[in-house]
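Notes to accompany the following structure.
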Amino acid sequence: GPQPPEPPQPHLPKLLPLLFRYRHDPNAQVKSAMGALWDQLVPDTRAALQEYFEPIFSAVQESLTDSLWRTREAAALSVPELLQGRRWTDLERRAAALGLRLLRLLDDIKASVREAGAGAWRAYSGALVRLCDKAAGAPEAQASAVLTMALSLLVDKGLPAAAEDVRSASLKLLVRLSRHAGAHLAPHVPALAEALLRSLAELEDPTLSYYQLHAERLGGAQTSEALDSIRAAASALGPAGEALELCIAQLTAEAMPVLAPRLVELLRSGVGLPTRVGTARFIVSACRALPVDVRPFCPRLAAALLRALDDRSAAARRAFAHTLAHVVRCASVRLPPSALQGAAAPAKHGADAPLTVAETTINALLGRYAELGIASGAACSDASRLAAGVGLAQIASVAPSIAADNAPLFVPLAALARHDPGMRTDEEVKEGMPGAIARAWTQLWDDALPSTAASLRLYSQEVAAAAIAALQSPTWAMRRQGALVIRELASVEGASSALKGKAIGDLATGVLQALGSGRPWEGRDELFPALPLLLRLASAEDSHGGVEQDPALKAMPARALMADALMVEASRGPTPDYAAAALQAAGEVLDATALDTHGATLLRAARTGSAKATAGEDTAPAPKLTSAGAADLESARTARRAQAPVRCAASRALARAWVAAPLASRSGWAERILAAAEECAVADWDVRVRALELLAAAYGLPPLAVLPPGTSDGDEASSGELAPPLAGAAAVQLALAVCTSALEDGKFVEVRKAGVRSLRALVAGTPAAHRGPLKTAAIQALDEAVAREKDSATSVLLTTARAEVEAAASQEP
């Protein structure tokens with residue numbers, strides 16, 4: 001029979017590439033016809049592909065970018081067959097160009113071409129993974145060459161692409177390569193990690209970044225911070241996060257000299273929140289995986305992280321602070337201060353002594369709160385002070401032993417910063433809650449130190465010095481922080497033994513100097529309670545033989561100086577609350593000369609609600625409630641309520657001054673004291689209570705509240721001999737009228753109780769010559785009060801008082 005014609009061998013190199021592509025034509029008829037022709041010409045497809053691989057591969061590669069969509073699609077459909085079972089020697093020269101053209105097909109204008117391109121890319125990806133798979137026995141040199149080519153293609157062209165499909169396909173291939181390459185990936189970890197970290201921002205869902213852009217305008221700062229946290233958490237998820245974890249698994253000591261500078265550069269110039277937070281997270285993983293190998297690079301990493309703490313994003317600042325803590329924990333070598341740039345704070349052991357990275361970092365963070373020292377007034381920004389607190393708090397949380405070793409460095413400033421008023425929301429200001437800065441430093445204080453009381457006792461000298469320096473600061477906020485710390489320090493149990501005499505005297509002197517300098521500033525009233533507390537500490541130290549053991553106690557400012565300073569503050573107080581606080585503190589430091597020295601001012605404040613001297617009548621009474629119109633009535637009531645704290649504080653201070661004064665001074669002030677008590681007895685209920693306490697003190701039985709600390713003999717104690725002007729019949733009748741009016745009050749229980757105490761003092765202190773008529777009137781008033789009383793406790797008090805009055809009367813000669 002006839003023999004089939006022999007194939008035209010000379011023309012096969014040109015014919016087979018064309019037929020191979022047409023065998024995968026999207027048109028079924030063309031595909032069938034060309035497939036039959038191929039079968040006629042090529043008896044063994046595998047052998048033909050092996051023999052004519054070069055021309056076929058070149059033709060397919062060129063057709064992938066042809067202007068005709070059918071040609072591009074046919075070429076893409078032929079790629080899987082062409083790559084099947086190929087060795088690296090077959091693909092080495094053309095693999096990069098083929099991958100680049102396939103990436104372009106993934107973003108083709110025609111959907112069918114994109115689908116064919118996706119199939120071709122899967123085949124291409126599978127071939128690369130197979131060629132570098134350590135488990136499959138891929139040679140190290142071959143795997144290195146494949147990874148070098150693939151990383152260059154994917155990092156330079158795939159991940160930065162504008163098309164999402166291209167970026168997604170590139171990222172998935174990177175993950176597969178990282179998963180299968182195993183130890184072959186180690187030399188390429190620096191380049192791969194840098195590329196993945198830079199791509200995190202580009203791979204982020206654009207919806208999140210759009211919401212972030214408008215979050216603060218639409219939902220406020222809290223919404224913006226919440227979105228920051230969501231974006232930071234999302235950056236750790238997905239294929240990129242998995243690839244970075246695989247990089248950490250293959251990270252070696254040899255890669256660190258190359259990787260560390262790239263991480264520093266990413267911290268310095270990385271764009272996008274996911275990239276910056278991802279870089280910080282990667283450094284933490286590296287510190288955990290290779291702490292010894294990371295250690296030489298800790299100074300540069302710490303310096304970069306310190307600069308990064310200025311980031312606007314709260315989530316980024318937290319991430320950088322957490323990473324900084326891990327870097328500090330890794331670092332244990334001692335380095336010169338110049339090794340860590342940006343650490344402008346003074347050295348712990350001298351300017352030329354070597355410091356550990358931990359010491360230098362802590363000093364640098366402290367410098368972010370007060371760059372030139374506490375008293376310099378060079379205030380740092382709110383963000384800088386917050387970053388310092390967050391950074392130190394993270395060190396205390398991640399590396400508690402380092403925080404404990406370096407506690408003397410930060411405890412004095414932390415004691416002040418816990419009261420920082422910065423970055424408070426309107427709601428926090430309204431509720432009196434601490435702001436973000438104070439919360440960060442409080443967290444440091446709680447995590448690094450055992451307890452507030454123990455820490456203040458342990459570091460009392462350092463904290464006292466810092467508080468005194470804060471009082472000298474030109475900024476009001478820092479002065480207020482110093483005042484709060486002094487109050488806290490003076491009220492700690494056992495502070496007298498910890499501070500010793502000199503520190504107590506220095507604190508008191510510092511408070512007096514702060515009160516005597518300049519006009520009143522916001523928070524200055526926080527200084528007032530410190531003086532009585534310090535005076536008690538000095539008294540406690542003195543009672544233990546402190547003056548003999550520590551002559552520095554003799555330098556403690558006198559009570560008279562403290563009282564003078566506080567009375568000056570009361571007389572020039574900008575608000576009633578300010579004046580009331582000054583008067584309340586003054587009442588606790590008054591001495592025996594106070595009634596003569598400050599009696600007029602105290603009387604004025606008790607009667608008028610103001611300690612300020614006026615040009616005319618300086619004892620004009622407080623506004624009374626009349627039958628005027630509703631608006632005037634409300635205005636007068638508001639004015640009286642505003643003056644009530646001042647009048648209460650002044651009345652109690654008068655009572656204390658009376659108790660401390662000698663009999664001669666009492667005699668000179670008796671009538672004015674009685675008149676003030678009578679006038680205040682028709683005021684608001686709290687003012688009436690204090691006026692009745694003053695009356696009781698005048699007649700010899702003041703309540704414990706107006707006696708010096710330490711008085712404990714019964715519920716009440718005698719205040720000494722009765723002043724002669726108070727023993728007259730007119731004075732006794734006036735005092736009885738005040739007490740009876742209090743017993744008749746039907747609204748306030750405290751007023752009635754104060755009236756009972758004053759009546760008991762009046763009966764006990766009145767001379768026997770006037771006690772008979774007084775006894776009858778007092779018993780009648782008490783009987784009527786018992787009949788009206790509905791409060792059981794007050795009823796018992798009234799009954800007891802009646803029995804005491806009868807007993808006092810029965811003891812008359």
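Summary of computed values
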read-out	value
Of Cys648, Ala370, Leu200, farthest towards positive along the dipole that unit charges on Lys, Arg, Asp, Glu beta carbons give the chain	Leu200
Amide H contacts of Thr356 (H built 1.01 Å from N, under 5 Å, at least 5 apart or other chain)	Leu335
Given charges at beta-carbon only (K, R positive; D, E negative), |dipole| of the chain in Debye	1460 debye
Degrees, to the nearest 10: 407-417 long Cα axis against longest axis of the chain	70 degrees
Over 23 Å between alpha carbons, listed pairs Lys110/Lys157; Lys31/Lys172; Lys14/Lys110; Lys31/Lys110; Lys612/Lys747	Lys31/Lys172; Lys14/Lys110; Lys612/Lys747
Efficiency of FRET from Cβ geometry, Asp447 and Ser332, R₀ 25 Å, rounded to 0.05	0.75
Chain lengthening between Glu806 and Lys14 when straightened (0.36 nm per residue, less Cα-Cα)	271.6 nm
³J(HN,Hα) computed for each position of the range 739-752 - Karplus, 6.51 cos²θ - 1.76 cosθ + 1.60, integer Hz, glycine/proline x	5, 5, 4, 5, 5, 7, 5, x, 10, 10, 5, 4, 5, 5
Option label - Cα extents along the principal axes in Å computed here, alternatives (1) 165, 65, 48; (2) 102, 59, 52; (3) 103, 68, 67	(1)
From phi via Karplus (6.51, -1.76, 1.60), per-residue ³J(HN,Hα) for the range 779-794 in Hz, x at Gly/Pro	5, 5, 5, 5, 4, 5, 5, 4, 5, 8, 5, 10, 7, 5, 5, 5
Net lengthening on full extension, Arg122/Ser667 (0.36 nm per residue, minus Cα-Cα)	185.5 nm
With every protein chain in place, the chain: carbon and sulfur % of accessible area (1.4 Å)	54 percent
1.4 Å probe accessible area per residue over the chain, in Å²	44 Å²
R0 of 35 Å, Cβ-Cβ distance Asp156-Arg288: FRET efficiency to nearest 0.05	0.70
Residue among Ala33, Leu100, Pro43 farthest towards the positive dipole end of the range 1-113, charges placed on Cβ	Leu100
Packing rank of 139-146, 600-607, where each peptide gets the mean count of other beta carbons within 10 Å, highest leading	600-607, 139-146
Using θ = phi - 60° and Karplus 6.51 cos²θ - 1.76 cosθ + 1.60, couplings along the range 604-611 (whole Hz; Gly, Pro as x)	4, 5, 5, 8, 10, x, 8, 8
Cα-based reach from Lys775 at 19 Å (exclusive), listing aspartates and glutamates while leaving out same-chain residues under 8 positions away	Glu744, Asp783, Glu784, Glu804, Glu806, Glu812
Distance between modelled label sites at Ser269 and Ala642, nm, 7 Å Cα→Cβ extension	6.1 nm
Separation in nanometres of the label points that stand 7 Å from Cα toward Cβ, at Glu245 and Arg93	4.3 nm
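The values are calculated or read from the model by the stated rules, or taken from the named source; none is laboratory data. From a predicted model like this one, the values you see are computed outputs, not experimental measurements. As a convention, Cβ positions derive from the backbone with ideal geometry for all residues, glycine included, and neighbour counts pool all protein chains shown. Just so you know, the surface numbers come from the protein's heavy atoms only, side chains and all, with ligands and any DNA or RNA stripped out. Shrake-Rupley method; radii C 1.70, N 1.55, O 1.52, S 1.80 Å.
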